[in-house]
Ligand SMILES: Cc1cc2nc3c(=O)[nH]c(=O)nc-3n(C[C@H](O)[C@H](O)[C@H](O)COP(=O)(O)O)c2cc1C
């Protein structure tokens, strides 16, 4: 009932762990056996220390973070990816140009089923959402040479143009959205709260933005879309799929409901589908586009 397929990757359910959430080590990734796929923490060519503390701040309707793409560098990181005991591992990579993207993709490719290009971190400048739009096709073409399906993760800004450039480069799927650029200030001291001052907002508060982005991409292009942003319940997954998503990713939801969110939402989805007379989750994909 919950089985889906994206770019030839078969998943027992449409629920994927989003990049950056408890996915830096093999042990932590293996806690997500109930997910259809696990996306790794984004890795680059060299080690990055990330921003100074605080890097995460929990707010009323979501989580603000500016970790700064901290990672050990791809050569060190792939050691964590040997025989990870989950259904599918998707490798998330970032880079400052096509050559760098290609390098990281080739290193990670033997260990993963697909490669997700992070081109949307809102506080990482050129290795994030400021990656130049006209250079996206070349970067995607370079990553495609690593021989695995390529997903391109884009943010809420300029989403249709960036999706079109990803398609031009030969992307197999588009992932939308990343965190939304945001900040918070301690009004007693007047200081911005995050070490980096500006960060990315995720969790419940961004769901309507994610839904709008998935709907717009799915209405305009044939490419499979993976929806991310603010999912904490089965109803959120249905909403994303009605907007056109073929699968979804969950990040902040893990903070609210722990790792059991995957098995729980899978069960809730089956109950919802049965109650509403569906035999497969695929039947809800794109319903809102046809209305
Ligand atoms: C603490 C934290 C770290 C993240 N790190 C990454 C990352 O390394 N790469 C990436 O593509 N997205 C990263 N994200 C963004 C998530 O993958 C996701 O796109 C975003 O949080 C929206 O989904 P959510 O509301 O379910 O959390 C991170 C999010 C959080 C909260």
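The values are calculated or read from the model by the stated rules, or taken from the named source; none is laboratory data. Quantities reported herein were computed from a predicted structural model and do not represent experimental measurements. A quick note on method: Cβ atoms are made from the backbone with ideal geometry, for glycine too, and the neighbour counts reach across all protein chains shown.
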State yes or no: is residue 147 within 16 Å of the chain's Cα centre (by Cα) and under 16 Å from residue 99 (Cα atoms)? no
Out of the range 87-99, which residues are out of contact with any helix residue (DSSP H, G or I) (no Cβ under 6 Å at 6 or more places or on another chain) and either at pLDDT below 95 or outside any helix (DSSP H, G or I) (or both)? 87, 88, 89, 90, 92, 97
Would you mind telling me which numbered condition in (1) within 11 Å of the ligand (Cβ to nearest atom); (2) in a strand (DSSP E or B); (3) under 22 Å from residue 152 (Cα atoms) residue 38 fails? (1)
Test set (1) within 10 Å of the ligand (Cβ to nearest atom); (2) modelled with pLDDT under 95 - residue 61 fails condition number: (1)
Residue in the range 100-110 that is surrounded by fewer than 24 Cβ atoms within 10 Å (Cβ to Cβ), outside any helix (DSSP H, G or I), on the phi < 0 side of the Ramachandran plot and in contact (Cβ under 8 Å) with a residue 40 or more places away in the chain present: no
Go through (1) within 15 Å of the ligand (Cβ to nearest atom); (2) within 26 Å of residue 89 (Cβ to Cβ); (3) part of a helix (DSSP H, G or I); (4) free of Cβ contacts under 8 Å to residues at least 40 places away in the same chain one by one and return the number of the condition residue 262 breaks. (4)
Here the residues within the range 185-234 that are assigned to a loop (DSSP other than H, G, I, E, B), away from the ligand (no atom under 14 Å from the Cβ) and farther than 21 Å from residue 150 by Cβ are 186, 187, 188, 189, 190, 191, 193, 197, 198
